[in-house]
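Here is the structure we will look at, set down as structure tokens.
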Amino acid sequence: MVLNKAETIGTRWSDAAAEADRSAEVLGLPVFPVVAALAARTRTTTITPADLDTLRRHRHRTDPACTLLADRFLSAELGADIADRRALLERWDLYGVACALTALRHDPALTARQLLQILHCASGIDPLHHEIHRRYRRL
């Protein structure tokens, strides 16, 4: 079972993981928390130089609370680059942008490729992917 849109459950990933565990107990099946939209984007899209510039520009300037709502992230108070921030949201959604900003706060030297790998991991897709492959190998 897949618990999609896991980023909307609680305030941190552990809340989604706990909900997946509760659901697994009730259903008697493994349940995987996933952010499918982000997982798909990390396979089909790249982080552009413009994306990386905008993210780096806002990594310290943007309070993490500004990524709780799209309107906050697009606020004129954060600067005149509203179109750049809107483009980030269109490509990566709010959860992806929040994850990217957090990663860049911890390591501003991350490359676009490294950041893409972090976003892929943040999607939660790998455990589901491994489980699907494990089951196919059994057939």
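Scanning the stretch 31-39 turns up no residue that is farther than 28 Å from ASP21 by Cα, touching a Phe, Trp or Tyr at 6+ places or on another chain (Cβ under 9 Å) and not aliphatic (A, V, I, L, M). Going through the stretch 33-62 one residue at a time, which ones are exposed (fewer than 14 other Cβ atoms within 10 Å of the Cβ), aliphatic (A, V, I, L, M) and either on the phi > 0 side of the Ramachandran plot or not in a helix (DSSP H, G or I) (or both)? Scanning the stretch 33-62 gives no hits. Flag: LEU27 does not match the condition of being modelled with pLDDT of 95 or more, touching a Cys at 6+ places or on another chain (Cβ under 9 Å) and not polar (S, T, N, Q). Of the residues making up the stretch 1-27, those that are in contact with a helix residue (DSSP H, G or I) (Cβ under 7 Å, 6 or more places away or on another chain) and assigned to a loop (DSSP other than H, G, I, E, B) are MET1, ASN4, ILE9, GLY10.
Restricting PRO30, PRO108 to those that are within 25 Å of ASN4 (Cβ to Cβ), of a type outside the set (D, E, K, R) and assigned to a loop (DSSP other than H, G, I, E, B) reduces the list to PRO30.
Of all residues in the stretch 66-80, none that is in contact (Cβ under 8 Å) with a residue 60 or more places away in the chain and within 11 Å of VAL97 (Cβ to Cβ) has its Cβ atom under 6 Å from the Cβ atom of a residue that is β-branched (Val, Ile, Thr) and part of a helix (DSSP H, G or I), 6 or more apart or on another chain.
The values are calculated or read from the model by the stated rules, or taken from the named source; none is laboratory data. Quick caveat: nothing in here was measured; it's all calculated off a predicted structure. Positions of Cβ are backbone-derived with ideal geometry, glycine not excepted, and every protein chain shown enters the neighbour counts.
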